1. Quick one: what pairs do we get from the stretch B:204-218, first residue in the same structural domain as residue B:157 (by TED's automatic domain parsing) and farther than 19 Å from residue B:161 by Cβ, second modelled with pLDDT under 95 and aromatic (Phe, Trp, Tyr), C-beta under 8 Å, 6+ apart or different chains?
2. Return yes when residue A:107 is hydroxyl-bearing (Ser, Thr, Tyr) and either surrounded by 21 or more Cβ atoms within 10 Å (Cβ to Cβ) or within 14 Å of another protein chain (Cβ to nearest Cβ) (or both) and no when it is not.
3. Please go through the stretch A:130-156 and pick out each residue that is within 13 Å of residue A:89 (Cα to Cα), touching a helix residue (DSSP H, G or I) at 6+ places or on another chain (Cβ under 9 Å) and not in a helix (DSSP H, G or I).
4. Among what's in the stretch B:245-256 and is within 19 Å of residue B:155 (Cβ to Cβ) and not charged (D, E, K, R), pick the residue that is nearest to the other protein chains (Cβ to nearest Cβ).
5. All but one of (1) at negative phi; (2) outside the structural domain of residue A:181 (by TED's automatic domain parsing) hold for residue A:110; state the number of the condition that does not hold.
6. Just checking, does the stretch B:47-63 include any residue being of a type outside the set (Phe, Trp, Tyr) and closer than 30 Å to residue B:187 by Cβ?
7. Within the stretch A:157-215, how many residues are away from chain B (no Cβ under 14 Å) and in a loop (DSSP other than H, G, I, E, B)?
8. Counting only residues that are more than 7 Å from every other protein chain (Cβ to nearest Cβ) and within 26 Å of residue B:60 (Cβ to Cβ), which one in the stretch A:3-38 is surrounded by the fewest Cβ atoms within 10 Å (Cβ to Cβ)?
There are 2 protein chains.
Amino acid sequence: MLSDEQWFTEYCEEAGSAHSFRIKARLHEEQTRYQKIEIYETTHFGKLMVIDGFIMLSARDNFIYHEMLAHPILYLHDAPRRVAIVGGGDCGTLNEVLKHPEVEQVTLIDIDERVVQLSEVHFPELCGRNGDSRAEFCFTNGYRWMAEAPGESLDIIIVDSTDPIGPGEILFSGEFYSACEKTLKNGGMLIQQSESPLLHMDILQGMYREMKGAGFSHRKSLFFPLSVYPSGWWSASMARKGEPIGGFREEDARNRPFRTRYYNVDIHRSSFCAPEFFYRELGDAGPPASTEVFTG
Amino acid sequence: MLSDEQWFTEYCEEAGSAHSFRIKARLHEEQTRYQKIEIYETTHFGKLMVIDGFIMLSARDNFIYHEMLAHPILYLHDAPRRVAIVGGGDCGTLNEVLKHPEVEQVTLIDIDERVVQLSEVHFPELCGRNGDSRAEFCFTNGYRWMAEAPGESLDIIIVDSTDPIGPGEILFSGEFYSACEKTLKNGGMLIQQSESPLLHMDILQGMYREMKGAGFSHRKSLFFPLSVYPSGWWSASMARKGEPIGGFREEDARNRPFRTRYYNVDIHRSSFCAPEFFYRELGDAGPPASTEVFTG
């Protein structure tokens, strides 16, 4: 596929699928100490950031991903003051988190400073709040940062990582979740991108199992479309320390002091509704089974 | 893309995108009187049916599409007895509709008998109810069938068509919607696949406008993932004659006498929740604007 130079194609080996975007130009290519970063200008999706051959985001539809990684969890927490973002070097999630006036401090921990620097050049619309006095950047290993962080010091952890291969793999492990559990205050919450419900139920099962093993008794997933990722359908999974994941600050969400393009109160509720197969395939690792009654 | 023979690629010219599936074999290729039909065996998505270069369905994920075209509308209607399916020659929608014991008659109107015949060979799992005594097949032009159908004779019309280009174009027109409006009983409902919310808001706007012009004062869209269609995110849009589109038979849906893989009561509700941009971009053509209040 895309044998010519007019297309960028991402292959999804485990699904025998691929998706492609027509490109006008390759704007940047760089092998950093950690990974290969490419930036393309596409014909219809704006700019595209690619790391090690996998699309991280497009200018056209990243709003869905970033809004869904930030707003549901922040409105589920009563008072989200201290937030850490692990990964997320494109700064889109940081940008959404900083729209919440309740947030007092956000630490973005990305192993590769070049992602942030390139995003500031090529995706300035995501970096407009990088200078916010509440934002702090740490360019270091996310697992180590979390392991060394003071106990009970965070309200929210957002894991905005690459896939569970290569440097991102540790972020899907029991050790990492244990470090998160230790670092969260009681009632604190973790959210992590958790791949495609259609293609990667094995990864979701593993995450639920590891999160449970790390002491998170309450877990839940939300779902959203994302055209630049394999299958076009993506999930994020949450875990909460000590308390169930329940109601959200609905009035605050309705009267939010910023404009969204995807998120709203209805989307908040509906994003947590899982299809039938999801409950079945998660099995013991999962949330309580669907309350529905099957008669056939 | 897919310059070699190991992949089937569908191009979406209007979005500068493409998606591909790795194939093991081309099982069939045929130019019928109306269109070119191909059947592929893929490595990970089972069989794939392609018409005029566009993927119609895969064995792996068609359950989402067929369940969402059938069950929400049938549970929204108090007594769905007489149903017509326009298009839908793969028989997957027919198969779901016939799972509803309330349904007394379903007429499938597809212009091309070969689609049904090939589906019976290659997708037998979708054709298991083709012999049901309630099912009737008419191989003719869907618009003409609808125009000639007796007034107020149907409860539900499901338009399971190709894209609004070529033979499918008439099915997105005001004349067709007028014929549907005439054919539906009062309170009767129409649902039609309505393309990608990310890529095709112009088509959705046109459908809403034409449906309104044909006398359907109540319209609503639902959303679902679909990995074999462009962007992986799809919609279906409904119109109702004379009445608002309101509550559904929730108890019947919960106690449905068949097994689903995607649809459930929570999915029913959540599928109608639209993202913010959807309300904004539909403008006057759309449903009442989001009830949310923007303060920023």
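1. No pair meets every condition.
2. Answer is no for this residue.
3. Result: A:130, A:135, A:137, A:138, A:139, A:141.
4. Restricting to residues being within 19 Å of residue B:155 (Cβ to Cβ) and not charged (D, E, K, R), the top hit is B:253.
5. Among (1) at negative phi; (2) outside the structural domain of residue A:181 (by TED's automatic domain parsing), the lone unmet condition for residue A:110 is (2).
6. Scanning the stretch B:47-63, I find at least one residue that is of a type outside the set (Phe, Trp, Tyr) and closer than 30 Å to residue B:187 by Cβ, so the answer is yes.
7. The qualifying residues number 9.
8. Per the stated criteria, the residue is A:13.
The values are calculated or read from the model by the stated rules, or taken from the named source; none is laboratory data. If you're wondering where the values come from, they're calculated on a predicted model, not measured in any experiment. We place every Cβ from the backbone using ideal geometry, glycine too, and count neighbours over all the protein chains shown.
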